[in-house]
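Data block below; observations after.
Just so it is clear, none of the values below were taken in a lab; they were calculated from the coordinates. The shown structure was predicted, so the numbers you read here are calculated from the model rather than taken from an experiment. Every residue, glycine among them, receives a Cβ derived from its backbone with ideal geometry; neighbour counts consider all protein chains shown.
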Amino acid sequence: MLIDPNKCVACANCIPVCPMGAIYVDPEINRATIDRDECVECGTCFRMSGEHLNPTMVRTFRKLAKVFRFRFEPEPDVCPTSAFVMDELEWPRIARRVFSDPLVEHKSTGIHGRGTEEVKTNDVAHRVEVGEVGYVIEFGRPGVGVRFHHIQTMTRALARLGVTFEAKNPITHLMLDKSTGDLKEDLLDEKILSAIVEIKTRVDMVQPVLDTVAEVAKHIDTVIAVGVSTRCDERGEDTELAPVLEELGYSFVRAKTNMGLGRVTNVQAKEEVSDEYAAPVR
Amino acid sequence: MTNTLHRYGDAESFRDDYIIFAIPCKGKNDEGSVEKLKTFLRICASHKPANMGNSQFGSYRPSQELKPTVHWSREVSVDYDAVIDAVHKAGTVAAVFDSSEKAEACLREVKEADLGLSVNVSTSVQGAKNLGECCGIQRHSVEYSLGFTDPHDHLPNSQVLELSTMCGHGMVSFNMARKMLDMVREGRRTTDQAVATLARFCPCGVYNPERAKRLLEDARTHQA
């Protein structure tokens with residue numbers, strides 16, 4: 001992301017808008033400036049409302065107001081001169097935009113945001129079955145950001161536990177080796193707003209996985225949000241995962257619940273499903 | 001839409017926060033899903049949601065065509081039709097409801113419509129379970145939020161967190177949430193104005209303006 005210095009009027013409206021706190025007014029040039037190393041290319045500043053005002057006119061008014069100590073309080077989410085410019089990014093910096101801007105699609109999975117379906121489509125995808133536990137371990141959220149080398153510290157620790165990394169997940173796609181959890185080297189210093197590592201285990205692995213996450217979290221300078229999922233039984237009850245979590249002392253008041261209304265409707269996928277069910281009969 | 005999973009607050013604070021979203025599964029039911037997604041959103045719109053979104057923008061959205069008079073008089077209008085009309089490819093669409101009654105009525109109609117898309121409810125564990133039972137739906141899968149781990153003390157106070165985590169993609173910055181809290185406390189913005197400002201940053205349309213309004217009203221007199 002860039003700020004056009006010919007347009008910027010140093011009104012500072014964009015400073016609180018940035019989720020990473022990467023924007024400041026540089027007193028030497030009297031223009032808003034982006035700390036490129038901290039910027040995660042999320043596009044929040046770029047999407048601010050705009051007025052396309054003439055910068056010279058706005059600067060003149062601001063100077064006059066300053067002389068008379070008149071404080072004008074503008075709408076807080078407006079860049080008066082639409083000064084932000086989304087520049088072309090190249091690898092590896094483009095990974096920042098892909099992982100941080102929710103409007104950008106992850107090419108590896110074809111999904112926006114963090115690029116994974118998790119158990120949101122479990123009723124048709126069957127990612128996590130009864131007796132299995134899915135984990136979405138999210139880094140950098142909320143509002144802190146994370147560098148890929150921090151994520152790698154976790155993926156390496158999880159790989160040592162022998163977990164299964166979800167194939168349809170953007171971080172898994174960046175792994176050089178799923179057995180070690182190593183990520184592509186040229187990415188490691190890039191900072192992003194957030195990313196999800198997704199794994200699956202049997203229920204008896206819940207404690208070692210969550211203990212590992214908590215331990216590794218102490219050594220990486222970010223925040224981590226953890227979601228754990230399972231498939232409910234035929235009565236719609238979770239009799240396996242919730243009791244384990246309670247026994248381990250976790251409280252969980254919020255959840256995302258798949259209501260099971262989905263079904264396979266793509267023609268090719270339907271044929272595959274019927275073949276799958278036909279197989280044992282043959 | 002882990003985007004909605006880790007909202008900060010206790011179960012009581014989710015009493016006016018029900019998100020219902022539909023999502024096609026790649027390779028399983030995404031063919032021809034655009035019209036189904038629009039139907040889902042039309043059903044949601046008929047039950048007076050607090051917000052609605054199509055993964056590109058929500059019913060509160062920024063504008064690049066503002067006039068300078070906006071600083072004195074800014075009209076806040078929600079445009080559900082624009083959200084529905086802009087669905088042009090398979091993706092997640094969502095609606096936020098501020099009461100269990102509205103969410104239940106919506107879910108019931110979505111079930112009857114039998115769209116074949118995966119439908120999820122994001123709220124308290126018990127809230128979603130109750131909703132399913134009222135509509136005769138048995139839960140298929142559940143994903144629990146275990147909350148945040150913050151050993152390095154990065155996170156701000158609970159009021160800022162409650163406001164900012166309603167955009168799980170992190171587009172509502174801590175600093176902007178803090179600024180709106182201050183402006184409301186200082187009488188420089190009404191809660192409605194502050195809420196509209198915050199909601200415009202959430203491009204998925206899952207920011208809950210009604211809950212935010214309640215939180216800002218509470219915060220006016222109780223500083224965290």
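The 3J(HN,Hα) values that the Karplus relation (6.51, -1.76, 1.60; θ = phi - 60°) gives for the stretch A:234-247 are, in residue order, 5, 9, x, 9, 9, 9, 10, 6, 4, x, 5, 4, 4, 5 Hz. Gly and Pro appear as x.
Determine the relative contact order of the stretch B:1-112: mean sequence separation of Cα pairs under 8 Å and six or more apart, normalised by residue count, in whole percent.
On the way: 134 pairs, mean separation 50.1, N = 112.
This gives 45 percent for the stretch B:1-112.
Across chain A, counting alpha-carbon atoms alone, Rg and Dmax equal 23.6, 88 Å. Computed over neighbours whose Cβ is under 10 Å from that of B:HIS71, the net charge equals -1, Lys and Arg +1, Asp and Glu -1. Among the cysteines of chain B, B:CYS25, B:CYS44, B:CYS106, B:CYS134, B:CYS135, B:CYS204 have no other cysteine beta carbon within less than 4.7 Å of their own.
Quantify how strongly other chains surround peptide B:112-119 by giving the mean number of their Cβ atoms within 10 Å of each of its Cβ atoms. Mind dumping the intermediate values first?
Numbers: counts 0, 1, 2, 4, 6, 7, 14, 8.
Neighbouring Cβ atoms belonging to other protein chains average 5 per residue here.
Remark on the stretch A:11-82: hydrodynamic radius 13.2 angstrom, per the Kirkwood mean of 1/r across alpha carbon pairs. Measuring max minus min along each principal axis, the C-alpha atoms of the stretch A:1-157 give extents of 70, 30, 27 Å (largest first). Based on DSSP, what percent of beta bridges with both residues in the stretch A:1-87 are antiparallel, to the nearest 5? Taking every DSSP beta bridge within the stretch A:1-87, about 75 percent pair in antiparallel fashion. The peptide list B:79-91, B:140-152, put in order of mean Cβ contacts within 10 Å with the highest first, becomes B:140-152, B:79-91.
Each listed q (0.06 Å⁻¹) maps to a log10 I(q)/I(0) for the protein assembly as shown, found by the Debye formula over equal Cα scatterers with no solvent: -0.27. The residues A:LEU188, A:LEU193, A:LEU248, A:LEU183, when put in order of fewest to most other Cβ atoms within 10 Å, stand as A:LEU248, A:LEU188, A:LEU183, A:LEU193.
Computed from the mean reciprocal separation of all distinct C-alpha pairs, what Kirkwood hydrodynamic radius does chain B have, in Å?
Values: mean 1/r = 0.0553 Å⁻¹.
Over chain B, the inverse of the mean reciprocal pair distance is 18.1 Å.
For A:ARG31, which sequence-distant residues (separation of 5 or more, or a different chain) have an amide H within less than 5 Å of its own amide H, given hydrogens modelled in the peptide plane? Close amide H contacts, sequence-distant or interchain: A:ASP26.
Computed over the Cα atoms, what is the radius of gyration of the stretch A:75-232 divided by 2.2 N^0.38 Å, N being its residue count? Please list the in-between numbers first.
Working: Rg = 16.6 Å, N = 158, 2.2 N^0.38 = 15.1 Å.
Working it through for the stretch A:75-232, the quotient is 1.10.
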